[in-house]
Amino acid sequence: MRRMNTKEAGENFQPNSDGVSRRAFLGTTLAGSAALLTGGLASLLPRSITAGTSGSFLEASIPDLQALMNSGALTSAHLTSNYLNRIASLNPLLHAVIETNPDALAIAQARDRERRAGRIRGPLHGIPVLVKDNLATNDKMQTTAGSFALVNSTVPSDSVVVNRLRAAGAVILGKANLSEWANFRGNAPFNGWSARGGFTRDPYLLSFDPCGSSSGSGAGTAANLCATSVGTETDGSVVCPSGNNLDAGLKPTVGLVSQDGIIPIAHSQDTAGPMCRTVTDVAIMLGVMQSPFGPVTGIKVPSDYTQFLKVGSLKGARIGIDSRYFATAFGGEHDLVVVARKGLDAMQSLGATLVPTDTGNPFQHNFKFYDDEFTVLLYEFKVQIAQYLAALGNTSMRTLADLIAFDIAHCPEEMKYFGQEVFELSQQTSGNLNDPVYLNARKDNLTFARTNGIDAALKKDNLDAIVAPTYSFASSLPAVAGYPNLSIPVGLTPQGKPAGLWMYSGFLKEPTLLALAFDLEQAIKPRTQPAFLGSVPPEPPDAGICATLTAAATTSQTQLVNGRGQTSKHLGTGKSLNR
């Protein structure tokens, strides 16, 4: 693995000792400090602010932190040290972070030196960011998707997303835990576990599902273990943990953010996305992360999404409500739906018109929509994971078959709680993305989700966006369509569970979603710090897989049916489809 280069750490740089006292830090007024900010952030700052609740860095937004650092009231090194201390204190409980970056403090010191010299790299200058452990970082950290199979492998370069974060001045603080292999290894009875990272816990209610697969990114941001984080989604893996951790999280249009250097599930649906405490931070992060390819190539996209954050955006907006997702059969949880409806009431009070709409019944034809999606992912994963593995150094893992064999050989570490049925189904596919089974599944999936689903509803009912409650089955439609989906916090249930709304719309409609979400956020002020309520659930029982497993064995008798997969679980939440 490479050493940190001098552009990041600074040559012969001595540790910075210009941190401020707690009293000076808490009492600083920052009028006029926004002048040095880049990326259009200055307009978002009030005349006088202190960072976060009770005047500390906790709950501070990116503009808050930039203002503090520009004023001299805070250094990136001091901030990074505070986050590292908080990780050391809380991570034994939350398991949100797999590892921290050993060079984080040195990088932060280098960013401080640049700031003193008048050089601001971008809107994330000096901002500590956690990235999910499936985004390649060409540094002293691992990139493993939470699996021991890729420990000590080396990546050829930073992922494009990480490269853009560094170019904007970010301090890569560490790697966030996740559902191993982005929840695409086996039929796990829970979300948020990886062999390397253990069980991620929800900081609001320790027994509540943190959701997956970007569970560590969601919990880490919510618990103020970082300024902001990056997750990835194929179906639900940004918006579900964001919803269940009271974060604002965006799954962008597929093609807006590069997939290069991200451990794949399926390129037709994969995308990285920001997971933040405020909509403002989501807008800032999206501007940094965007790196168009594929369907977005050649299309002019905004360089600064904060320009769309305006109070009053909901006035006159038409918001579609597909009522099926508020029902238990479609994943709606009663207590979360009650909170989500308060968000709808607030939208209406801000001038939005709520319009009943119908995006199609995904249960029809014996759950064909969900089976088509699962089939597409199985076919793409076998091909695309081999392409990713081929570029790695210092590893014998080259194919999906190699990963399956590794898990069998290391069963007690990898398969104590559940098997690798999904891996095995993917291995059974033809490995040919011109296979008619794959092509037909993808075509039918897109027709349902995009043409006859979201596009049809938006046009028929003249809608700006469609909303559904968090932790429902509604993540799948925008995921399959490749359309943006934004998780908006609303509040907590009486038991302490985070809840909110998912809002989605058409191709490259991020500006619309951010505008509407910002208006709602400013009106209801949904963020509260987590209280770590309840207790950690007991460890799940040993699944008994390893006791009978042989080198030639599989963990399941599940087979493809006519080349197609069948899923009993909703891919976005992990909940049973009750088929």
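Cysteines of the chain lacking any other cysteine Cβ under 4.7 Å from their own Cβ: Cys226, Cys276.
Dipole check for the chain: with +1 at the C-beta of Lys and Arg, -1 at the C-beta of Asp and Glu, and the Cα centre as origin, the magnitude is about 1220 Debye.
Putting +1 on Lys and Arg Cβ atoms and -1 on Asp and Glu Cβ atoms, find which of Ala390, Ile408, Phe369 reaches farthest to the positive end of the dipole of the range 351-455. Among Ala390, Ile408, Phe369, the one farthest towards the positive end of the dipole of the range 351-455 is Ala390.
For the range 511-553, what does the alpha-carbon gyration tensor say about shape, rounded, prolate or oblate, given a ≥ b ≥ c as the root eigenvalues, a/c under 1.5 as rounded, and a/b over b/c as prolate? Walk me through the numbers on the way to the answer.
Details: a/c = 9.19, a/b = 2.26, b/c = 4.06.
Oblate, because a/c is 1.5 or more while a/b does not exceed b/c.
Extension gain, Arg341-Ser81: 0.36 nm per intervening residue step, less the Cα-Cα distance, totals 89.6 nm.
Run the dipole for the range 408-467 about the Cα centre, Lys and Arg Cβ at +1, Asp and Glu Cβ at -1, nothing else charged, and hand back the magnitude in debye, nearest 20.
Working: 6 positive and 9 negative charges, 62 e Å.
Charge dipole of the range 408-467: 300 debye, to the nearest 20.
Oblate is the label for the range 83-175, because the ratio a/c of its alpha-carbon gyration tensor axes (a ≥ b ≥ c) is 1.5 or higher and a/b is not greater than b/c. Here the spin labels are modelled as points 7 Å beyond Cα on the Cα-Cβ line, and at Asn578 and Ser207 they lie 2.2 nm apart.
In deg cm²/dmol and to the nearest 500, what is the mean residue ellipticity at 222 nm of the chain if only DSSP H runs of at least 4 residues count, each as -39500 (n - 2.57), divided by the residue total?
Per the formula, -10000 deg cm²/dmol.
Sorted fewest first by neighbouring Cβ atoms within 10 angstrom, Ser214, Ser157 come out as Ser157, Ser214. Shown for Ser396, Ser426: other C-beta atoms within 10 Å of each C-beta, ranked fewest to most, produce the order Ser396, Ser426. Towards the positive end of the charge dipole of the chain, with charges on Cβ (+1 Lys, Arg; -1 Asp, Glu), say which of Ser214, Leu439, Ala182 has the farthest Cα. With unit charges placed on the Cβ atoms, the residue in question is Ser214.
Count Lys and Arg as plus one, Asp and Glu as minus one, and take only other residues whose Cβ is under 12 Å from that of Ser207; the net charge is then 0. When a/c reaches 1.5 or more, the comparison of a/b and b/c decides; with that in mind, is the chain rounded, prolate or oblate per its Cα gyration tensor? Oblate shape, in that a/c is at least 1.5 and b/c is the bigger or equal ratio.
How much net charge surrounds Val561 when only other residues with a Cβ under 15 Å from its Cβ are counted (Lys, Arg +1; Asp, Glu -1)? Net charge around Val561: -2.
Rounded to the nearest 20, the Cβ-based charge dipole of the range 258-345 about its Cα centre (Lys and Arg +1, Asp and Glu -1) stands at 400 debye.
The order of Asp281, Asp202, going from fewest to most other C-beta atoms within 10 Å of their C-beta, is Asp281, Asp202.
Here the Karplus relation 6.51 cos²θ - 1.76 cosθ + 1.60, evaluated at θ = phi - 60°, turns the backbone of the range 443-455 into coupling constants of 4, 5, 4, 5, 4, 5, 7, 9, 5, 8, x, 5, 4 Hz, with x for every Gly and Pro.
Taken together, the values in this text are just the output of simple stated rules run on the coordinates, not laboratory data. Just so it is clear, the structure is predicted and the values come from calculations on it, not from any experiment. Using ideal geometry, Cβ is built from the backbone for each residue, glycine included, and neighbour counts are taken over all protein chains shown.
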